[in-house]
Amino acid sequence: MTTRKAGAVATDNFADLQRWREPPVFRLLSTGTLFSGSHINKTWRGLAQTPGSHEAGLPMLVKYMARKPVIAAELACAVAARALKLQVPGGSLVIAQRDQLPGLPNSVRGSATDLVLCYGSEYKFPDDTVARPTQAQDVEEWIWRRLCHTAQGPIGGVWDELVANDDRHCENVVYDGANWWLIDHEASLPSVAKAMKKFAEAQARQSVIDEKAAVNTLAHEVLTRRPNDHKMDALPAHWQTLRKRLSWLGDQAQAWRTPMPEVNAVLEMAHLYLRGIELRLPALALHLSDRMQNPESASLWNSYKSSAPATPRKTTLRPRA
């Protein structure tokens, strides 16, 4: 009979999380295919593999972002979503050589090192067999209508509240023919970046708990379209039952180390973002309640209701295959 040490967390129910015992770091295997279009961040599609692995490469979207805290936020959201069993593509850090990434910004191509640190997410192939409208406004309505009337719509709205993501729009959700996937979390939890150097202090941690996104577009769309059966208010209690999974992942992230200092710095930041998401979980019900009780507040729902002239927002377009 095996005796578990006092204070140890049983991993019997965490079988799907075991891959996160090791640092989520991949190597790009060959030259990536650059996606065309006006994207905020250069993005490529390619095959990536954990160093030393003999398994086949994993199709990934590889995105270059100059700011390391943004890469850490993306990684932490992908990992936390796994703990809560959400439809967010798995994420990792991807190390590539400069000549594997055609179209890199000049500032990167002229750097002293040959290696480039990027964020990688498991590639979810969009279902191009589904007939869609051709006009941009009609496409947006088509996506919100379909997404909001699935279970993923309310889940996504509550998820964006948890991670204080104010950049959910119709081009950072992907339908693969069976599931809707939530992508692009680089705007999540800016309070963690501000509090990072003082994260151990109570005041800094409280600022992370108190963070509210200026907008929550997906929650707004769900509440508008499903005012009586969205069930968003039931999700925080359910996610609380999964908090041990999130805490366990935070413990693993705290021990992530590689031989590369630059990579370790991002992994350490991702660990703090993960702790920040866990810190926010008990307050999620209150944040969500405040959001739903003030549906007409531009500061809570979306800036498009404001009477002020609209300012065009940059959007991260979802690359297509």
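The values are calculated or read from the model by the stated rules, or taken from the named source; none is laboratory data. Because the structure is a prediction, the values reported are computed rather than measured. Please note: Cβ atoms are built from the backbone with ideal geometry, for glycine as well, and neighbour counts cover all protein chains shown. Accessible surface is based on the protein model in full, side chains and every heavy atom, while ligands, DNA and RNA are left aside. Shrake-Rupley method; radii C 1.70, N 1.55, O 1.52, S 1.80 Å.
What the table shows:
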| item | result |
| --- | --- |
| Leading residue by the ranking (modelled with the lowest pLDDT) among those in the range 11-40 that are in a loop (DSSP other than H, G, I, E, B) and in contact with a helix residue (DSSP H, G or I) (Cβ under 9 Å, 6 or more places away or on another chain) | Thr11 |
| Tabulated pairs, the range 71-84, first within 10 Å of Leu274 (Cβ to Cβ), second among the aromatic types (Phe, Trp, Tyr) and surrounded by fewer than 24 Cβ atoms within 10 Å (Cβ to Cβ), C-beta under 7 angstrom, 6+ apart or interchain | Val79/Trp20 |
| Leading residue by the ranking (farthest from Trp142 (Cα to Cα)) among those in the range 225-250 that are open to solvent by 70 Å² or more (accessible area, probe 1.4 Å) and of a type in the set (D, E, K, R) | Lys244 |
| Matching residues, the range 84-102, being in contact with a Lys or Arg (Cβ under 6 Å, 6 or more places away or on another chain) and in a loop (DSSP other than H, G, I, E, B) | Pro89 |
| Extreme residue, nearest to Asp166 (Cα to Cα), among residues of the range 41-83 that are assigned to a loop (DSSP other than H, G, I, E, B) and among the hydroxyl-bearing types (Ser, Thr, Tyr) | Tyr64 |
| Any hit, the range 127-135, residues being under 25 Å from Leu84 (Cβ atoms) and at pLDDT 95 or above | no |
| Every pair of residues 6+ apart whose Cβ atoms lie under 8 Å, when the first sits in the range 43-58 and is under 12 Å from Pro24 (Cβ atoms) and among the β-branched types (Val, Ile, Thr) while the second is at pLDDT 95 or above and crowded, with 16+ Cβ neighbours inside 10 Å | Thr50/Val25; Thr50/Phe26; Thr50/Arg27 |
| Boolean, Ser92 is in contact with a Gly (Cβ under 8 Å, 6 or more places away or on another chain), among the hydroxyl-bearing types (Ser, Thr, Tyr) and within 30 Å of Arg27 (Cα to Cα) | yes |
| Filter result for Gly32 (in contact with a Gly (Cβ under 7 Å, 6 or more places away or on another chain) and farther than 24 Å from Val163 by Cβ) | yes |
| Matching residues, the range 202-224, being in contact with a His (Cβ under 7 Å, 6 or more places away or on another chain) and either buried (at least 21 other Cβ atoms within 10 Å of the Cβ) or not in a loop (DSSP other than H, G, I, E, B) (or both) | Thr217, Val222, Leu223 |
| Top-ranked residue of the range 181-201 - restricted to ones that are open to solvent by 20 Å² or more (accessible area, probe 1.4 Å) and not in a loop (DSSP other than H, G, I, E, B), ranked as farthest from Thr129 (Cα to Cα) | Lys198 |
